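The values are calculated or read from the model by the stated rules, or taken from the named source; none is laboratory data. Just so it is clear, the model here is predicted, and its values are computed rather than measured. Every residue, glycine as well, gets a Cβ built from its backbone with ideal geometry; the counts of neighbours run over all protein chains shown. Surface areas here come from the heavy atoms of the whole protein model, side chains and all, with no ligands, DNA or RNA. Shrake-Rupley method; radii C 1.70, N 1.55, O 1.52, S 1.80 Å.
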Amino acid sequence: MSLLVVGLSHRSAPVSVLERASLAAETQSKLLQDALAAEPAAEATVLATCNRIELYADVDKFHAGVAELSTLLAQHSGVGLDELTPYLYVHYEDRAVHHLFSVACGLDSMVVGEGQILGQIKDALALGQETHTAGRLLNDLFQQSLRVGKRAHSETGIDRAGQSLVTFGLQQLAGGADTADWARGKRALVIGAGSMSSLAAATLARTGVAEIVVANRTRARADRLVEILGQAGGTGVTARAVEMAAVSDELTRADVVVSCTGATGLVLTGETVAGALGLPFDAAATAVEAPAEPAADLDQHAAWVENGSAATTAQAVRRAAVPAQSTGPVRLALLDLAMPRDIDGAAARLDGVRLVDIESLAEASADAPMAADVDQVRTIVSDEVAAFGAAQRAAHITPTVVALRTMAADVVAGEIARLDGRLPDLDEKQRAEITQTVRRVVDKLLHAPTVRVKQLASEPGGAGYADALRELFDLDPQTVAAVSRADLNDPNRGRS
């Protein structure tokens, strides 16, 4: 296994960098095709969410793989490599497996324990399968990560610590008050009708808002979300859909806005928010100064990652980037869950406006207390990483063992054929008995060494046993490769 992960997340980079580096769906597919065309990578897939972009690949050269994947991320994200490098982290082999399993369990999430990441990992696997860039290693890895994440949620109380970004965001908007008391009777505007916006609408309905208005670029999807909200009996919420062109008008009547679209530009500008509240807007007065960003090469960054300085630097930059909030009574609460951001950060400086976005959520969650179950989840992750590594090492030798047994079967068949020529008078019963006896002898001779070599190969450092077995028995490498291809092309493999 030569698994390599190169990526950046809310733990290593400020949101200002993450939103610029975000990848559209078509860009992700092109990135995977280019990754496979690069010499070091044999398979690849990408995990892209609102707070992380990670490129996973099976590579045959570590340093060349890091350089190539970093360059590809820079090219497809549109952020220069020199600018992107300080925020990149690199994980290799078992550390890469540990990282993905931790991500799947919600340990690396902005809100520890949140379960939405499992759906995003499933989407990453599906993308790799659809583009035919995910092979045996990544199929096995991502399938197992989903199982590990589900195990963590079912066997521990990590769900008590975890919550969705929507729930956490609403708690931040409530400013310490009970969320249900804060939301009761409010009019909510939800911009977007994707998975996160749908979750936001459902959460708002359960929380007790009086009305939800859904605006989306595709009206049919907004209508569908409103229909679903209407089917969720017991909430008593009134829901209706509007065109995106009506957002400015709806903003004048809304008490809370949740926005999460795939737009590449701002959906709500500071001027639009100010106009809805009847406030003057001074772009110069509300401008948010971007913090200076550090620069480093890959070697420096590797040292930072090792001692944790990269995360510390990212947190410092993130704190500097969070815009100052206005004081006084809140007339309009804004929750921006989009990446890149939907709502102008300058809106936070307007009188009566409270803005919570990915950046401020990261800041609020940075010092959140860890649940007691987190240690138990970490133990699960460590155990699963060891088991996955052992299974991969054992799987590496399986084609060689199969090829050895195939060769032995061919030898038996050849000798039985020669016996037929020498003893043509044998009846069928005698011939069958001799054949069975020879097969039993061969099976017994091969049993102990093949079982033992699988055990040895599953241990750390056991990768060389497959090569030794091929050399000892003079196995044809093409035969071993054919067994591997047959296993990879199994139609039951890699189903998410």
Margin query: Six or more apart or on different chains, Cβ atoms under 6 Å: show the pairs whose first residue is in the stretch 3-32 and farther than 25 Å from H63 by Cα and whose second is among the β-branched types (V, I, T) and open to solvent by 10 Å² or more (accessible area, probe 1.4 Å).
Written below: P14/V317
Next item on the list: Quick one: in the stretch 112-155, of everything that is in a helix (DSSP H, G or I) and among the hydroxyl-bearing types (S, T, Y), which residue is farthest from Q33 (Cα to Cα)?
Entry: S154
Next item on the list: Return a yes/no flag: does the stretch 276-286 have any residue that is modelled with pLDDT under 60 and either surrounded by fewer than 16 Cβ atoms within 10 Å (Cβ to Cβ) or farther than 23 Å from I191 by Cβ (or both).
Entry: yes
Note to self: Are there helices (runs of 4 or more DSSP H) fully within the stretch 169-257 with at least 3 residues that are among the small types (G, A, S)? List them.
What the structure shows: 195-207, 219-231
Next item on the list: Please give the number of the condition F388 fails out of (1) at pLDDT 85 or above; (2) not in a helix (DSSP H, G or I).
Entry: (2)
Notebook entry, point to check: Is it the case that some residue within the stretch 47-58 is modelled with pLDDT of 95 or more, open to solvent by 40 Å² or more (accessible area, probe 1.4 Å) and over 12 Å from the mean Cα position of the chain (by Cα)?
Noted result: no
Next item on the list: Return only the number of the condition from (1) over 15 Å from L472 (Cα atoms); (2) loosely packed, with under 12 Cβ neighbours inside 10 Å; (3) among the aliphatic types (A, V, I, L, M); (4) at pLDDT 85 or above that L445 does not satisfy.
Entry: (1)
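Residues of the stretch 159-168 being assigned to a loop (DSSP other than H, G, I, E, B) and either open to solvent by less than 30 Å² (accessible area, probe 1.4 Å) or modelled with pLDDT of 85 or more (or both), which ones?
Selection gives G162, S164.
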Item checked: the stretch 410-425, residues that are touching a helix residue (DSSP H, G or I) at 6+ places or on another chain (Cβ under 8 Å) and open to solvent by 20 Å² or more (accessible area, probe 1.4 Å) -> V411, E415, L419, D420
Checklist line | Of all residues making up the stretch 69-103, the number that are out of contact with any strand residue (DSSP E or B) (no Cβ under 7 Å at 6 or more places or on another chain) and over 21 Å from S22 (Cβ atoms) | finding: 5
Check: Of (1) touching a residue at least 60 places away in the same chain (Cβ under 8 Å); (2) within 29 Å of the chain's Cα centre (by Cα); (3) open to solvent by less than 20 Å² (accessible area, probe 1.4 Å), A222 satisfies all except one. Which?
Finding: (1)
Next item on the list: Name every residue in the stretch 224-261 that is under 21 Å from D342 (Cβ atoms) and of a type outside the set (A, V, I, L, M), in order of residue number.
Entry: R224, R240, E243, S248, D249, E250, T252, R253, D255, S259, C260, T261
Notebook entry, point to check: All but one of (1) under 25 Å from E359 (Cα atoms); (2) within 18 Å of the chain's Cα centre (by Cα) hold for L81; which doesn't?
Noted result: (2)
Note to self: I need the full set of residues from the stretch 68-105 which are in contact (Cβ under 8 Å) with a residue 60 or more places away in the chain and part of a loop (DSSP other than H, G, I, E, B), in order please.
What the structure shows: V79, L88, E93, C105
Notebook entry, point to check: For the stretch 126-135, how many residues are crowded, with 20+ Cβ neighbours inside 10 Å and either small (G, A, S) or within 15 Å of F388 (Cβ to Cβ) (or both)?
Noted result: 2
Checklist line | Of all residues making up the stretch 1-16, the number that are surrounded by fewer than 22 Cβ atoms within 10 Å (Cβ to Cβ) and over 15 Å from the mean Cα position of the chain (by Cα) | finding: 3
Notebook entry, point to check: Taking the stretch 31-46, which residues are open to solvent by 10 Å² or more (accessible area, probe 1.4 Å) and within 30 Å of L337 (Cβ to Cβ)?
Noted result: Q33, D34
Margin query: When you check H76 against the structure, is it open to solvent by 30 Å² or more (accessible area, probe 1.4 Å) and more than 26 Å from G265 (Cα to Cα), yes or no?
Written below: no
Check: Could you say whether any residue in the stretch 31-44 is closer than 19 Å to T85 by Cα, in a helix (DSSP H, G or I) and aliphatic (A, V, I, L, M)?
Finding: yes
